[in-house]
Amino acid sequence: TCLTFTSLCLGLSDALAADTIASSSYTPFLDRPALFDGIGTPRHALREAGVDIQASWTQFFQSVHGNGDDDWESGGKGDLIINLDGEKLGFWQGFYVNIHQEVIAGNDLNSIDNGSIIPVNTALALPRLGGFDHDTSVVLTQRFTETFTLSLGKFNMLDAAARTPLIGGGGIDTFMNVGLAAPISGVTPPYLVGASFGVNTKPVSFNLFVYDPRNAQDWDVVSHPFAEGVTFSLSSTLQTQIAGLPGFYSLRGVVSTDEGVDLADLPQVLLPPDFQGEIGAQANPWFVNLSGQQYLWQNPVDRGKGWGVFGQVGLLDGNPTPVMSSLILGVGGNSMISERSDDRWGIAYFKYSLSDDLRNALAMPPFNLILGPEEGVEAYYNFAVTPWLRITADLQWIDDMSTGSENTWFAGLRTQLKF
């Protein structure tokens, strides 16, 4: 172990020295992917040696008009992501480690009575909704071949949502609203402990995800996984070409052994302690999702950039999951202007409908609430001042679940600095 560590340190030192002394080229300051990154920097040398470090701070300014206060709220989120290449570090081929540390500070509109049930700011809602201002996820991956991959550990599911073509961004690059940036399934917590097995075949790839149904922000979930059930998620993704433009179409099914309160019995939860009846339970919640992303234009110089349409339809059991169905439709991607190809833009509509059992229960005393679906439209433009400095203007219109309430507008400004 000591020899391995010593060899690792010497290897990193040699790489840093070679890159600093021998390199005759460097990335111009304004063209760097991050403020302290690029050819000729220590970060580049570390990456060549197997240590990839990504750090950023994203600052938000948002206001609400309609329901709630009209004041502006300001908060920020820091992300530190470390990717380790096991082979380059002297271990074995195909072994990778991903570490994601996140921290949030300040205030956000999710914590005030703004009339919206679904959080309007994903980046500041997670991990705060779980009662913490910070969280750490660690995932170990072994790629056996180009086809078979196994990952296990504690997953930050916002990272997975951020990688989705066109719509992805995790709340810091594209859409802010949770309904778009991290679509709600009702059976997948934002942080989870489990294992994922991927089969990357062409044109269809498959993924089996087995995880604890509880939110892994609770340390007891990490130390005692699967103590209260297990969830199985199976998805398939078809990669195809239409008129020479790539498209991705996915079908996902989820079922869990977890149990929840029968939503039809919800009014009884607030009954006096001497209540003699029984509160029912519902088991095996399930979720089915069909989604698609289709490019309509690709940059002729950089085929990794383009814009297109995306959509998603989700169906849930509705009891014990509080949501019964979801719908997302939108368009977005990179700018077609050659000088602004790093800019991103998008506009999308979403709709989430509560389960009939939950709506009927909340309509009864002591709640007396008449609720409908929550729907909204969000539009944004992400202006790349440089590759490492971005400024986003964001506007959301929300028709919340409270029938008869006035519509609410959310205006936002987001600044991201990549270190």
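The values are calculated or read from the model by the stated rules, or taken from the named source; none is laboratory data. Bear in mind that the values here come from a model prediction, so they are computed numbers and not experimental data. Here the Cβ positions follow ideal geometry from the backbone for every residue, glycine too, while neighbour counts run over all protein chains shown. These accessible areas exclude ligands, DNA and RNA; they are computed on the full protein's heavy atoms, side chains included. Shrake-Rupley method; radii C 1.70, N 1.55, O 1.52, S 1.80 Å.
Hey, can you find the accessible area per residue of the chain for me, probe 1.4 Å, expressed in square angstrom?
Ligands and nucleic acids excluded, the result is 48 Å² per residue.
Using per-residue counts of other Cβ atoms within 10 Å, averaged over each peptide, order 150-159, 233-242 from highest down.
The peptides rank, most packed first, as 150-159, 233-242.
Among Trp72, Trp388, Trp397, Trp286, what's the order by accessible area (1.4 angstrom probe), most exposed first?
Trp72, Trp286, Trp397, Trp388
Alpha carbon centre of the stretch 89-150 versus the stretch 152-181: separation in Å?
Measuring centre to centre over Cα atoms gives 9 Å.
According to the square roots a ≥ b ≥ c of the eigenvalues of the Cα gyration tensor, what is the shape class of the stretch 143-245, taking rounded for a/c under 1.5, prolate for a/b larger than b/c otherwise, and oblate for the remainder? Walk me through the numbers on the way to the answer.
Details: a/c = 2.35, a/b = 1.31, b/c = 1.80.
Here the stretch 143-245 falls in the oblate category.
Rounded to the nearest 10 degrees, what's the angle between the helix 2-22 long axis and the longest principal axis of the chain, both from Cα atoms, 0 to 90?
Taking the Cα atoms of the chain, the angle to 2-22 is about 70 degrees.
Ignoring everything except DSSP H segments at least 4 long, calculate the 222 nm mean residue ellipticity for the chain; use -39,500 (n - 2.57) per segment, divide by total residues, nearest 500.
So the calculated ellipticity at 222 nm is -3500 deg cm²/dmol.
Please enumerate, by chain and number, the lysines with C-alpha under 24 Å from the C-alpha of Lys154, excluding those fewer than 8 residues away in the same chain.
Lys77, Lys88
Met401 accessible area, nearest 10 Å², 1.4 Å probe?
10 Å²
Taking 0.36 nm per intervening residue step and subtracting the Cα-Cα distance, what contour gain separates Thr257 from Phe367 on full extension? Could you put the intermediate results ahead of the total?
Working: separation 110, 0.36 × 110 = 39.60 nm, distance 2.96 nm.
Fully extending the segment from Thr257 to Phe367 adds 36.6 nm.
Taking θ as phi - 60°, what are the ³J(HN,Hα) couplings along the stretch 366-380 by the Karplus curve (6.51, -1.76, 1.60), each to the nearest whole Hz, with x for Gly and Pro?
Values, residue by residue: x, 7, 6, 10, 9, 10, x, x, 10, 9, x, 10, 10, 9, 8 Hz.
Could you state, as a whole-number percent, how many of the C-alpha pairs of the chain are farther apart than 42 Å?
17 percent
Using Cα pairs closer than 8 Å and at least 6 residues apart in sequence, work out the relative contact order for the chain, in percent. Can you show the working numbers first?
Details: 1045 pairs, mean separation 56.5, N = 419.
It rounds to 13 percent for the chain.
Give me Rg over Rh for the stretch 281-369, both radii from the alpha carbons and Rh done the Kirkwood way, two decimal places.
In the stretch 281-369, Rg relative to Rh is 1.23.
Going by average Cβ neighbours within 10 Å, how do the peptides 361-373, 214-226 rank, with the highest at the top?
214-226, 361-373
Out of Ser74, Gly186, Thr149, whose Cα points farthest toward the positive end of the dipole of the chain (charges: +1 Lys, Arg; -1 Asp, Glu; placed on Cβ)?
Thr149
Considering only Thr41, Thr392, Thr231, give the residue with the highest GNM mean-square fluctuation for the chain, with springs between Cα atoms whenever their separation is below 10 Å.
Thr41
State the percentage of accessible surface on the stretch 282-413 attributable to carbon and sulfur atoms; use a 1.4 Å probe and exclude ligands, DNA and RNA.
Of the solvent-accessible surface of the stretch 282-413, carbon and sulfur hold 65 percent.
Taking the simple approach of a point 7 Å from Cα along Cα-to-Cβ for both Asp356 and Ser402, what is their distance in nm?
2.7 nm
Arrange the residues Phe144, Phe61, Phe175 by how much accessible surface each exposes, largest first, with a 1.4 angstrom probe.
Details: Phe144 125, Phe61 80, Phe175 0 Å².
Per-residue accessible area, sorted high to low, gives Phe144, Phe61, Phe175.
Taking the Cα centre of the chain as the origin and placing charges on Cβ (Lys, Arg +1; Asp, Glu -1), which of Gln54, Trp409, Trp92 is farthest toward the positive end of the dipole?
Trp92
List, in order, the whole-Hz ³J(HN,Hα) value for each residue of the stretch 381-394 obtained from phi through the Karplus relation with A = 6.51, B = -1.76, C = 1.60 and θ = phi - 60°; use x for Gly and Pro.
After applying 6.51 cos²θ - 1.76 cosθ + 1.60, I find 9, 9, 8, 8, 4, 9, x, 9, 9, 10, 10, 10, 9, 9 Hz.
Starting with the highest mean, order 249-259, 346-356 by the number of other Cβ atoms within 10 Å, averaged over the residues of each peptide. List each step's numbers first, then the result.
Numbers: 249-259: 17.5, 346-356: 19.9.
Taking the mean over residues of other Cβ atoms within 10 Å, the ranking is 346-356, 249-259.
Once the Cβ-Cβ distance between Ile347 and Phe144 is put in as r, and R0 is 51 Å, what FRET efficiency do you end up with, to the nearest 0.05?
Working: r = 41 Å, r/R0 = 0.81.
The pair Ile347/Phe144 has a calculated efficiency of 0.80.
Is the shape of the stretch 88-206 rounded, prolate or oblate, going by the alpha carbon gyration tensor and its root eigenvalues a ≥ b ≥ c, with a/c under 1.5 for rounded and a/b larger than b/c for prolate?
Here the stretch 88-206 falls in the prolate category.
Please report, in debye to the nearest 20, how large the charge dipole of the stretch 338-419 is about its Cα centre when each Lys and Arg carries +1 at its beta carbon and each Asp and Glu carries -1 there.
The dipole of the stretch 338-419 has a size of about 380 debye.
Work out from phi, with θ = phi - 60° and the Karplus expression 6.51 cos²θ - 1.76 cosθ + 1.60, the ³J(HN,Hα) of each residue of the stretch 293-307, listed in order in whole Hz, and give x for Gly and Pro.
9, 10, 6, 10, 7, 10, 5, x, 8, 10, 5, x, 10, x, 9
Compare Lys202, Lys305, Lys88 by solvent-accessible area with a 1.4 Å probe and give them largest first, with all protein chains kept in place.
Largest accessible area first, the residues go Lys202, Lys88, Lys305.
Does the stretch 316-419 classify as rounded, prolate or oblate by the C-alpha gyration tensor (a ≥ b ≥ c root eigenvalues; a/c under 1.5 gives rounded; else a/b over b/c gives prolate, otherwise oblate)?
Note, shape of the stretch 316-419 comes out prolate.
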